[in-house]
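Chemist: Could you have a look at this structure, given as structure tokens, before my questions?
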Amino acid sequence: MKNTRNFCIIAHIDHGKSTLADRLLHKTGTISDRDLQEQTLDDMDIERERGITIKSHAIQMKHSADGEEYILNLIDTPGHVDFSYEVSRSIAACEGALLIVDASQGIEAQTISNLYLAIEHDLEIIPILNKMDLDSANPEEVTDQIVDLIGCSPDDVIPASGKTGMGVDEILHAIIHRIKAPVGDPNGQLQAMVFDSVYNSFRGIIAYYRIMNGRLKKGDRIKFINTEREYYADEIGVLGMGLIPRTMLEAGNVGYIITGVKDAKEIKVGDTLTLSNDPCKTAIKGFEDVKPMVFAGIYPVDTEEYEELRSSMEKLQLNDASLVFEPESSAALGFGFRCGFLGMLHMEIIQERLEREFAMTVITTVPNVSYKAYVKNGTMIELHNPSDMPNPSSMDYIEEPYIVAQIISKSEYVGAVMTLCIEKRGELKNQVYLTSNRVELTFEMPLGEVVFDFYDKLKTVSRGYASFDYFTADYRKSDLVKLDIMLNGDPVDALSALIHKDHAFDLGKRICLKLKQLIPRQQFMIALQASIGAKIIARETITAVRKDVTAKCYGGDISRKRKLLEKQKKGKKRMRQVGRIEVPQEAFLAVLKLND
Amino acid sequence: MKTKDPVLKAMVLEFQKQRDYLNKERIETIYFGGGTPSLLEEHEIQLLLDAARENFEVSPTAEVTMECNPDDLNPTKLEELKRLGINRLSIGIQSFRDEDLKLMNRAHKANEATRCVREAQSAGFDNITIDLIYAIPNLSQEAWIKNVDQAIALGVQHVSSYCLTFEDGTAFGKWVNAGSMHQVEDDEASEQFLTLVERLHDAGIEQYEVSNFARKGYESKHNSAYWNNTTYLGIGPSAHSFNGNSRQWNVAHNVRYSKAFAEGLNWYEKEILTPAAQFNEYIMTGLRTVKGIDLGRIRDDFNIDLASANVELIQGMHDRKEVIFAGDQMSLTKKGLLRADAIASDFFIIES
């Protein structure tokens, strides 16, 4: 155990975490030259494309130094605020953290909140300045930022480059000498913490854990304390480039377990694994049942694909336990599901995976948060869908969730960022200059506003320089109204949204305008209206199309014309009939695209 | 070889290389088109006609059309064309109004348009088609009616008419995007089109395809080939060919085209048509004709029962009075023809 080091990586997207991790894997001989492809750790297509880690990954390396062999367990953490609970569990499994900061970009909000989490867990922080090979690298200033934040000496900061391999030896040296060996009693009762689980279509659920105390042997009867479920340890082992089976693992180590479980819901991240016949007395602290933050309807474009959608969602849920869904029906869209997500990115990922992995064409409705509606008789109704809002006359008041948002921006954009946050009903709570030109702003604001087009707007007003992180605070009373959208006089429930009263007029107008752009002209006129209750607050008209045989078949170029019309038909297949009107998929998310 | 022009030289070679493309079928139509073939000199036209006759059996009654710009035509040129055996002229008149011609960047003036048609008639051409463009910005309904009436008064046998389109990348597209020009609204464009159909009909010139109108017996044999699934061979840069189950198109660039022949390289791209593509093309071209599509043929050739596969779609078209059935023949009404492309696309089969 004294030669084991468990560490994670804290980094902002694009700061080069995966490339640097690959360097470590290569240097320690964990992967060969041949296998060295970019971003070994991210194995989902979406992860590679977006450069974001969605699932935690773990990998074990062996490294010899000073005549001794060390076991290094790297636990890669998800890089997005939607997955902050998983991040906290990964951090709890480690004794140290590599803080990777892009030498040209500086520290970002997401990094800071994860860093604070790591410091809270007493992790040894090894600061690394990455991308030193870039001309735009600004090591002095970024080093100052790091020193200010963690109170280390400037000499502790390791200059590195995932691209050239610079600093890799120093990093390995620091991991071995600066990070403490794990403590724990191998002879005690088994106490291991699950920090992630992945789904494998052949093996079922594979859970990753860190053993705090005791030993786990292949074939043991084991038990999860929070779910109270018991299984046999069919296979245990450590994680190299693949699964490496072992017969026994003991305190301080990181490993995997296969129990034949097929459903991700049965194994919860943060749960404590122990032995059935000699269970540990206490569960490891910090377990939470993660609750979805954002809700949206998912409907098949083709109503006949409802059952297929259900089975696809069930399969998705097998490997993503944080996805929740229940059937719902919409007057406009027919049968579908109301789904709960950890956040906006999670929602996008689910939609993308449905389309890619299951070839489903789906409509996602405008996302909303969970509201609490208090009815005059004193009862509270939790709303996951604006259409469920009780009749205003019977309602006392409504509450919505608030968050504490941290935004780090270059000082020149602070004015614009503040204006945006105030527009989004935010209240400035704190403003700190991290360096002379980087400012950290703390706001309290409604989560519902973040769910709309906050990220994109923040990027725009800060030219991409602001970073954002949040945690949820409490529920507060708000003056919300239900904004309905009508197509030719019929309200489309899937387009309804709960909006602050002061924004309703402006938003209603902009949604109508956006829909006018998104809905193609049809053979009849379409009236678009926004209303609050019976009051129409905005109106637009889409005129009828009468004619579209314009293009000539030049000199027998029939292929070109056919392909044009084939493309048109493909577009139509992605449209949904609402009444007589063909509405394209993206129109249901019009509210999110008001600035495009 | 009687010419120095490398493009013509290559075209003669292409005739030789493609002599089996049409399966030794007799040639019923020859069409000189695309760009300004009327700029060719007499011996150059002769060279191409000879090459066609040397490599193919050309029917003595074949329709031989030459596309001409009004400003290239004069009595001498017309006599020359007549001598060469050209028996049909397609004259790019586009409008009888100088302001429209200027806007569309045409070289000729309105009075030249009238003059050259009359001269062609005097030279003995009795099969003349002209084209008219509608939905031109600032072309009022009255001015359009005058344009149509002038075409009728000239006594031409055939009219093609197209809507002015604004495509990205063209000067028009740029003007529209910059807001300095406004595209004519659909309602106005279809009004002009319907006026055209009606006035030509009253004059005995009947619509037989969306954009084509003719006196009885003067329907273009050549254009009809495109719509009737007849095979054809295109010779020259950017020409398209079709042999029943594949389409191919020559390189569009003059120099690259002739170079390909000089160096013995491939000069075309080819697409094998899947059954779905063949079906889609049949629907697309068929629905543009007044005759329509033959549901029996679709059953036989593609094993598809079109009507029962598209019950709702056809019901909707029926309710909108866009479609008529006569036995197995399904065709679009005047109203339906306005949307022929969109309707065709609704029937398409999309392969994933």
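Chemist: Out of the residues in the stretch A:459-482 that are loosely packed, with under 14 Cβ neighbours inside 10 Å and part of a loop (DSSP other than H, G, I, E, B), state the one that is modelled with the lowest pLDDT.
Modeler: Looking at residues that are loosely packed, with under 14 Cβ neighbours inside 10 Å and part of a loop (DSSP other than H, G, I, E, B), I get A:GLY464.
Chemist: Moving on to the next point. Take the residues of the stretch A:24-64 that are loosely packed, with under 14 Cβ neighbours inside 10 Å and modelled with pLDDT of 75 or more: which is nearest to A:SER197 (Cα to Cα)?
Modeler: Of the residues in the stretch A:24-64, the ones loosely packed, with under 14 Cβ neighbours inside 10 Å are A:29, A:32-38, A:43, A:45, A:49, A:62, A:64.
The next check asks that each one be modelled with pLDDT of 75 or more; those that pass are A:29, A:62, A:64.
Numbers: A:GLY29: 26, A:LYS62: 23, A:SER64: 30 Å.
Checked the stretch A:24-64; the qualifying residue nearest to A:SER197 (Cα to Cα) is A:LYS62.
Chemist: So for the stretch B:224-232 (the condition being among the β-branched types (Val, Ile, Thr), away from chain A (no Cβ under 14 Å) and surrounded by 15 or more Cβ atoms within 10 Å (Cβ to Cβ)), does at least one residue qualify?
Modeler: We begin by selecting, within the stretch B:224-232, every residue among the β-branched types (Val, Ile, Thr); these are B:230-231.
With away from chain A (no Cβ under 14 Å) added as a condition, the list becomes none.
Within the stretch B:224-232 (the criterion being among the β-branched types (Val, Ile, Thr), away from chain A (no Cβ under 14 Å) and surrounded by 15 or more Cβ atoms within 10 Å (Cβ to Cβ)), the answer is no, since none of the residues qualifies.
Chemist: OK, next. Can you report the number of residues in the stretch B:266-308 which are more than 18 Å from B:GLY234 (Cα to Cα) and more than 14 Å from chain A (Cβ to nearest Cβ)?
Modeler: Count: 18.
Chemist: Further question on the same structure: Name every residue in the stretch B:336-350 that is touching a Gly at 6+ places or on another chain (Cβ under 9 Å) and either more than 14 Å from chain A (Cβ to nearest Cβ) or of a type in the set (Gly, Ala, Ser) (or both), in order of residue number.
Modeler: Within the stretch B:336-350, just B:ALA344 meets the criteria.
Chemist: Let me ask you something else. Is there a residue in the stretch A:303-322 that is β-branched (Val, Ile, Thr) and either assigned by TED's automatic domain parsing to the domain that holds A:ASP388 or part of a loop (DSSP other than H, G, I, E, B) (or both)?
Modeler: No; the residues of the stretch A:303-322 include none that is β-branched (Val, Ile, Thr) and either assigned by TED's automatic domain parsing to the domain that holds A:ASP388 or part of a loop (DSSP other than H, G, I, E, B) (or both).
Chemist: Can you pull out every residue in the stretch B:177-195 that is within 14 Å of another protein chain (Cβ to nearest Cβ) and either assigned to a helix (DSSP H, G or I) or among the acidic types (Asp, Glu) (or both)?
Modeler: B:GLU185, B:ASP186, B:ASP187, B:GLU188, B:ALA189, B:SER190, B:GLU191, B:GLN192, B:PHE193, B:LEU194, B:THR195
Chemist: Do we have A:GLU328 as assigned to a helix (DSSP H, G or I) and not aliphatic (A, V, I, L, M) here? Give the derivation first.
Modeler: Working: assigned to a helix (DSSP H, G or I): no; not aliphatic (A, V, I, L, M): yes.
The answer is no for A:GLU328.
Chemist: Specify which of the listed residues (A:ILE381, A:ILE398, A:ILE407) is in contact with a Pro (Cβ under 7 Å, 6 or more places away or on another chain) and in a strand (DSSP E or B).
Modeler: Criteria check complete, one pass: A:ILE381.
Chemist: Let me ask another. Six or more apart or on different chains, Cβ atoms under 7 Å: show the pairs whose first residue is in the stretch A:557-580 and within 7 Å of another protein chain (Cβ to nearest Cβ) and whose second is part of a loop (DSSP other than H, G, I, E, B) and among the acidic types (Asp, Glu).
Modeler: Going by the 7 Å Cβ cut-off, there are no qualifying pairs.
Chemist: Which is modelled with pLDDT under 80 and aliphatic (A, V, I, L, M), of A:ALA590, A:ALA504?
Modeler: Going through A:ALA590, A:ALA504 in turn, just one is modelled with pLDDT under 80 and aliphatic (A, V, I, L, M): A:ALA590.
Chemist: Identify, from the list B:GLY155, B:GLY92, B:GLY124, the residue that is more than 21 Å from B:TYR208 (Cβ to Cβ), in contact (Cβ under 8 Å) with a residue 24 or more places away in the chain and not in a helix (DSSP H, G or I).
Modeler: Result: B:GLY124 is the single residue among B:GLY155, B:GLY92, B:GLY124 that is more than 21 Å from B:TYR208 (Cβ to Cβ), in contact (Cβ under 8 Å) with a residue 24 or more places away in the chain and not in a helix (DSSP H, G or I).
Matching residues to (1) of a type in the set (Val, Ile, Thr); (2) buried (at least 20 other Cβ atoms within 10 Å of the Cβ); (3) under 27 Å from B:PHE261 (Cα atoms):
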| residue | (1), (2), (3) |
| --- | --- |
| B:MET11 | no, yes, yes |
| B:GLU14 | no, yes, yes |
| B:THR29 | yes, no, yes |
| B:GLU41 | no, no, yes |
| B:LEU81 | no, yes, no |
| B:ASP98 | no, no, no |
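Chemist: Also, I was wondering about something else. From the list A:PRO491, A:PRO520, which one is closer than 30 Å to B:ASN212 by Cα, at pLDDT 85 or above and either surrounded by fewer than 18 Cβ atoms within 10 Å (Cβ to Cβ) or within 12 Å of another protein chain (Cβ to nearest Cβ) (or both)? Spell out the reasoning first.
Modeler: Working: A:PRO491 fails: closer than 30 Å to B:ASN212 by Cα.
Exactly one residue qualifies, and that residue is A:PRO520.
A quick yes/no check of all residues on (1) β-branched (Val, Ile, Thr); (2) at positive phi; (3) modelled with pLDDT of 90 or more:
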| residue | (1), (2), (3) |
| --- | --- |
| B:SER220 | no, no, yes |
| B:TRP227 | no, no, no |
| B:PRO237 | no, no, yes |
| B:PHE242 | no, no, yes |
| B:TRP249 | no, no, yes |
| B:ILE304 | yes, no, yes |
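Chemist: Another question about this same structure. Given the structure, is B:ASN254 surrounded by fewer than 22 Cβ atoms within 10 Å (Cβ to Cβ), touching a residue at least 40 places away in the same chain (Cβ under 8 Å) and more than 14 Å from chain A (Cβ to nearest Cβ)? Spell out the reasoning first.
Modeler: Numbers: surrounded by fewer than 22 Cβ atoms within 10 Å (Cβ to Cβ): yes; touching a residue at least 40 places away in the same chain (Cβ under 8 Å): yes; more than 14 Å from chain A (Cβ to nearest Cβ): yes.
So B:ASN254 fits the description; yes.
Chemist: Can you tell me how many residues in the stretch A:6-15 are surrounded by 24 or more Cβ atoms within 10 Å (Cβ to Cβ) and more than 14 Å from A:LEU72 (Cα to Cα)?
Modeler: 3
Chemist: Of the residues B:ARG118, B:ARG199, which single one is more than 14 Å from chain A (Cβ to nearest Cβ), in contact (Cβ under 8 Å) with a residue 40 or more places away in the chain and of a type in the set (Lys, Arg)? Walk me through how you get there before you give the answer.
Modeler: Values: B:ARG118 fails: in contact (Cβ under 8 Å) with a residue 40 or more places away in the chain.
Answer to the check: B:ARG199.
Chemist: Just for the stretch B:320-330: of the residues that are surrounded by fewer than 19 Cβ atoms within 10 Å (Cβ to Cβ) and closer than 28 Å to B:TYR134 by Cβ, which one is modelled with the lowest pLDDT?
Modeler: Ranking the qualifying residues of the stretch B:320-330, first place goes to B:ARG320.
Chemist: Is it fair to say A:GLU288 is in a strand (DSSP E or B) and either farther than 30 Å from A:ALA118 by Cα or modelled with pLDDT under 85 (or both)?
Modeler: no
Chemist: Go through the stretch B:309-335 residue by residue and tally those that are of a type outside the set (S, T, N, Q), in contact with a strand residue (DSSP E or B) (Cβ under 7 Å, 6 or more places away or on another chain) and away from every other protein chain (no Cβ under 12 Å).
Modeler: So the count comes out to 5.
Chemist: (1) in a helix (DSSP H, G or I); (2) more than 26 Å from A:TYR470 (Cβ to Cβ): which one isn't true of A:TYR85, the others all being true?
Modeler: It is condition (2) that A:TYR85 fails.
Chemist: OK, next. Give the stretch A:236-246 a look and list any residue that's in a loop (DSSP other than H, G, I, E, B) and either within 14 Å of A:ILE258 (Cβ to Cβ) or modelled with pLDDT of 95 or more (or both), or say none.
Modeler: Within the stretch A:236-246, A:GLY242 is the sole residue that qualifies.
The values are calculated or read from the model by the stated rules, or taken from the named source; none is laboratory data. Since the structure is predicted, the reported quantities are computational estimates derived from the model, not experimental observations. Note that we place each Cβ from the backbone using ideal geometry, even for glycine, and neighbour counts take in every protein chain shown.
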